[in-house]
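The values are calculated or read from the model by the stated rules, or taken from the named source; none is laboratory data. Bear in mind that the values here come from a model prediction, so they are computed numbers and not experimental data. So basically every Cβ, Gly included, is an ideal-geometry build from the backbone, and we count neighbours across all protein chains shown. Remember, those area values only see protein heavy atoms, side chains included, never the ligands or the DNA or RNA. Shrake-Rupley method; radii C 1.70, N 1.55, O 1.52, S 1.80 Å.
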Amino acid sequence: MSNLWFLYLFFAALLVFIGLYCLLTMRNLIKLFIAVEVISKGVSLAIVATGAVKNNILLAQSLAITYIVVEVALVATALALIINIYKKNKSLDVRLLSKLKG
Amino acid sequence: MAIQIILLCGLVIFSALAILLKDLIKAALSLAVASLLLGIIFFRLAAPYAAVFEISVVAGLITVLFILTIALTKKGDEVTEARLVKLAFPVFLILFLIIDGLVMKSLLQKIPALPSGPEAGTFGEVLWKQRTFDLVAQVGVILAGVLAVLALFRKKEEDKDE
């Protein structure tokens, strides 16, 4: 049973790596946000798999649902921010944000 | 077990496609497929409520929000990424696969196991009685999200008036 847990953790770590790679290397704001979503998938997988392997699936499900709700609020706010940034800069290039003036 | 590994591999492949595809619509759709596969994995792990939330909210609602944003920001595809990013990805992925495998193998049987045991009650009892504070926090987060979106778009309307 423990081996199964490490298999899920292996794939969860892989998803987090893919997301982090994109966050560190890419410039498109929407791509960066897709990377955040990929990382969050890895975290959800780790939560539910741990719950399933440790016979605490009900608690893990409730935590996963809380996590998904928080994720939706985050997505809605961040996408609204991205639209505003696009209207201001006419581009989704994250490097332009470094030129913001106070 | 074999089906579960195939689903996990599919999840990783579609997640990688979501970040590697240049077309943003295709990237968003890949992310939706990855969410769908994650929902199926949740269902097979005997977590049907989490699976339903994953498929309906993440694969459904969040994909719609992404596609709406991509449609509103038409020049999004024009952002040029560094050339090395896609070329270096397989190299880093293989490196990480090796490191990840070695770390998980060395940790096997060494991490003190979390206390496990069969839970009493139903999902509803756990959600509404044990995690009550989480639900209050969820309401707060949703309200904060709604207020943030309203504030962001109201500011633009004021700009138009000026």
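A few comments on the model shown:
- Cα extents of the range A:4-49 along the three principal axes, largest first (Å): 36, 15, 8
- Shielding by partners for peptide B:36-46, expressed as the average number of C-beta atoms from other protein chains within 10 Å of each residue's C-beta, is 4.
- Three principal axis lengths of chain B [C-alpha, angstrom, descending]: 63, 48, 26
- Accessible surface of A:Thr77, taken over heavy atoms with a 1.4 Å probe and every protein chain present, rounds to 30 Å².
- Compactness of the range A:2-95 is given as radius of gyration and Dmax, 16.0, 51 Å, from Cα positions.
- Take the accessible area of A alone and of B alone, subtract that of the pair with a 1.4 Å probe, and the total buried over both chains is about 7000 Å².
- Inter-part distance where the range A:1-75 and the range B:26-74 are each reduced to a Cα centre, Å: 13
- FRET efficiency for B:Val52 and B:Glu125, using Cβ-Cβ distance with R0 set to 25 Å, rounded to 0.05: 0.85
- Rounded to the nearest Hz, the phi-derived 3J(HN,Hα) couplings of the range B:137-151 under the Karplus curve 6.51 cos²θ - 1.76 cosθ + 1.60 (θ = phi - 60°) are 4, 4, 4, x, 5, 4, 4, 4, x, 4, 5, 5, 5, 4, 5, where x marks glycine and proline.
- Histogrammed with a bin width of 10 Å, the alpha carbon distances of the range B:58-111 distribute as 19, 20, 27, 25, 9, 0 percent, first bin at zero.
- From its DSSP helices (H runs of at least four residues, each -39,500 (n - 2.57)), chain A gives a residue-normalised ellipticity at 222 nm of -29000 deg cm²/dmol.
- Highest-fluctuation residue, B:Leu84, B:Leu31, B:Leu135 considered, GNM on chain B with Cα pairs under 10 Å: B:Leu135
- Computed per residue of chain B from DSSP H runs no shorter than four, each worth -39500 (n - 2.57), the mean residue ellipticity at 222 nm is -23500 deg cm²/dmol.
- Cα-projected label distance for A:Lys87 with B:Ala144, points at 7 Å along beta-carbon direction, nm: 2.4
- Exposure rule at most 16 other beta-carbon atoms within 10 Å, DSSP loop trypsin sites (Lys or Arg not before Pro): chain A longest free segment: A:1-89
- Evaluated at q = 0.14, 0.16 Å⁻¹: base-10 log I(q)/I(0), Debye formula over Cα of the protein assembly as shown: -1.01, -1.24
- Computed on the range A:1-44, with alpha-carbon pairs under 8 angstrom and 6+ residues apart, the relative contact order is 46 percent.
- Accessible area per residue for the range B:1-137, computed on protein heavy atoms with a 1.4 Å probe, is 59 Å².
- Between B:Val91, B:Val64, B:Val139, the Gaussian network model of chain B with springs among Cα atoms under 10 angstrom shows the greatest mean-square fluctuation at B:Val139.
- Mean per-residue shielding of peptide B:10-17 is 5, counting Cβ atoms of other chains within 10 Å of each Cβ.
- Contact order normalised by residue count of chain B, Cα under 8 Å, 6+ apart, percent: 14
- With every protein chain in place, the protein assembly as shown: carbon and sulfur % of accessible area (1.4 Å): 72
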